[in-house]
Number of protein chains: 2
Amino acid sequence: MFELDMRSRKPIYEQLVDKMKELIMNELLKTDEQLPSVRQLATELSINPNTIQKAYRELETQGFIYSVKGKGSFVNPNQKAIDKEKIVEMKKELEKLILEALYLGIPAQELISLIQDLDASKGGA
Amino acid sequence: MFELDMRSRKPIYEQLVDKMKELIMNELLKTDEQLPSVRQLATELSINPNTIQKAYRELETQGFIYSVKGKGSFVNPNQKAIDKEKIVEMKKELEKLILEALYLGIPAQELISLIQDLDASKGGA
DNA sequence: TAACTGTACTATCATACATAGTACACCATG
DNA sequence: CATGGTGTACTATGTATGATAGTACAGTTA
């Protein structure tokens with residue numbers, strides 16, 4: 001369910017956060033559905049429970065999940081608060097990366113096709 | 001000439017490498033043109049000479065520049081060897097980021113427009 | 001009570017990046 | 001030749017971040 005890239009510059013906990021957000025926004029994890037427990041997921045992924053907890057804490061801060069002591073962590077029903085700040089940040093990152101890609105010689109049309117493909121697969125899956 | 005983001009996850013030397021490659025590929029630095037010296041650029045950017053040298057070494061390894069002891073570093077006339085590996089890597093990164101953006105709710109059309117704008121400004125500048 | 005949840009610490013290790021300092025080889029200029 | 005510029009190499013140190021290890025405590029559920 002979670003494919004981690006241990007060599008990535010992006011830390012594990014952050015990869016987890018992003019994956020979770022995708023699953024939630026794509027409704028593969030539905031409202032009030034229970035997430036795997038900190039220890040269980042840690043065992044499953046062969047990483048430290050602290051790393052999982054760090055991801056969960058971040059997800060809770062961002063309003064994607066809520067956690068209850070003794071019970072577990074669950075998908076938050078109200079995630080309308082997907083912060084605009086994050087979107088702005090994302091656009092900046094994308095702009096940088098796209099510019100690099102163009103300078104690297106990747107044709108604009110190829111990038112556009114990539115977006116269209118991803119968009120289609122996202123909606124149609 | 002070089003805008004460094006000290007807060008970025010991308011290390012300084014790597015930012016330098018990328019900037020240089022852009023300048024070279026965009027022909028803002030022309031064939032056999034001399035680059036700033038290691039110490040000079042270090043002073044100018046207020047960073048350590050070793051960091052500059054690391055960037056230059058990397059650029060030389062990748063075939064973008066060549067260095068001559070006692071003389072300086074220069075733009076390589078033959079940079080046809082723009083590695084495909086880097087392009088593949090770039091595409092993967094882009095794919096991840098675009099997917100995140102789409103899930104964040106940024107419309108595909110907006111991303112496409114972004115690419116087109118960047119592509120136009122790149123060619124027309 | 002027992003076994004599971006989340007949560008909160010401290011300590012330690014590993015890695016990558018950047019800096020500091022020194023040293024040497026080479027070239028150009030006076 | 002002497003000086004000061006170039007690239008290059010090396011060790012040591014500082015720093016920040018990520019990840020792990022271990023322990024402990026609070027709450028829930030059976």
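Scanning region B:37-55 for residues that are within 7 Å of DNA strand D (Cβ to nearest atom) and either over 18 Å from the mean Cα position of the chain (by Cα) or surrounded by fewer than 17 Cβ atoms within 10 Å (Cβ to Cβ) (or both) yields B:Ser37, B:Arg39, B:Gln40, B:Pro49, B:Asn50.
Only a single item in (1) under 28 Å from A:Ser121 (Cα atoms); (2) at pLDDT 95 or above; (3) more than 12 Å from the chain's Cα centre (by Cα) is not met by A:Tyr13, and it is number (3).
If you go through region B:4-42 and keep only what is farther than 13 Å from A:Tyr103 by Cβ and within 11 Å of chain A (Cβ to nearest Cβ), you end up with B:Asp5, B:Ser8, B:Arg9, B:Lys10, B:Pro11, B:Glu14, B:Gln15.
Given region B:14-125, what helices (runs of 4 or more DSSP H) lie entirely inside it while holding 1 or more residues that are touching a Phe, Trp or Tyr at 6+ places or on another chain (Cβ under 9 Å)? Helices (runs of 4 or more DSSP H) meeting the threshold: B:38-45, B:49-61, B:108-124.
For region A:7-25, check the following and say yes or no: at least one residue is in contact with a strand residue (DSSP E or B) (Cβ under 7 Å, 6 or more places away or on another chain) and either on the phi < 0 side of the Ramachandran plot or surrounded by 15 or more Cβ atoms within 10 Å (Cβ to Cβ) (or both). Within region A:7-25, one or more residues are in contact with a strand residue (DSSP E or B) (Cβ under 7 Å, 6 or more places away or on another chain) and either on the phi < 0 side of the Ramachandran plot or surrounded by 15 or more Cβ atoms within 10 Å (Cβ to Cβ) (or both). Of the residues making up region A:3-16, those that are within 15 Å of DNA strand C (Cβ to nearest atom) and within 16 Å of A:Pro49 (Cβ to Cβ) are A:Pro11, A:Ile12, A:Tyr13, A:Leu16. Here B:Arg7 passes the criteria (1) modelled with pLDDT of 85 or more; (2) part of a loop (DSSP other than H, G, I, E, B) except the one numbered (1). Looking at this structure, is B:Ile112 away from DNA strand D (no atom under 16 Å from the Cβ) and within 30 Å of A:Glu27 (Cβ to Cβ)? In short, yes. The residues in region A:42-82 that are small (Gly, Ala, Ser) and out of contact with any strand residue (DSSP E or B) (no Cβ under 9 Å at 6 or more places or on another chain) can be counted, and the count is 6. Scanning region B:102-122 turns up no residue that is more than 10 Å from chain A (Cβ to nearest Cβ) and closer than 30 Å to A:Asp5 by Cα.
Run down B:Leu28, B:Leu45 and say which single residue is in contact with a Leu (Cβ under 8 Å, 6 or more places away or on another chain) and without any contact (Cβ under 8 Å) to a residue 60 or more places away in the chain. One residue alone meets the criteria, B:Leu45. Scanning region A:89-101 for residues that are more than 7 Å from chain B (Cβ to nearest Cβ) and closer than 19 Å to B:Glu89 by Cβ turns up just one, A:Lys96. Is it true that some residue in region B:71-84 is more than 16 Å from DNA strand D (Cβ to nearest atom) and closer than 30 Å to A:Asp18 by Cα? Yes: region B:71-84 contains one or more residues that are more than 16 Å from DNA strand D (Cβ to nearest atom) and closer than 30 Å to A:Asp18 by Cα. Filtered by the rule that a residue be at pLDDT 95 or above and either out of contact with any Leu (no Cβ under 9 Å at 6 or more places or on another chain) or among the aromatic types (Phe, Trp, Tyr) (or both), region A:68-87 gives A:Val68, A:Lys69, A:Gly70, A:Lys71, A:Phe74.
The values are calculated or read from the model by the stated rules, or taken from the named source; none is laboratory data. Every value quoted in this text rests on a predicted model; they were computed, and no experiment measured them. No Cβ is skipped: glycine too gets one built from the backbone with ideal geometry, and neighbour counts run over all protein chains shown.
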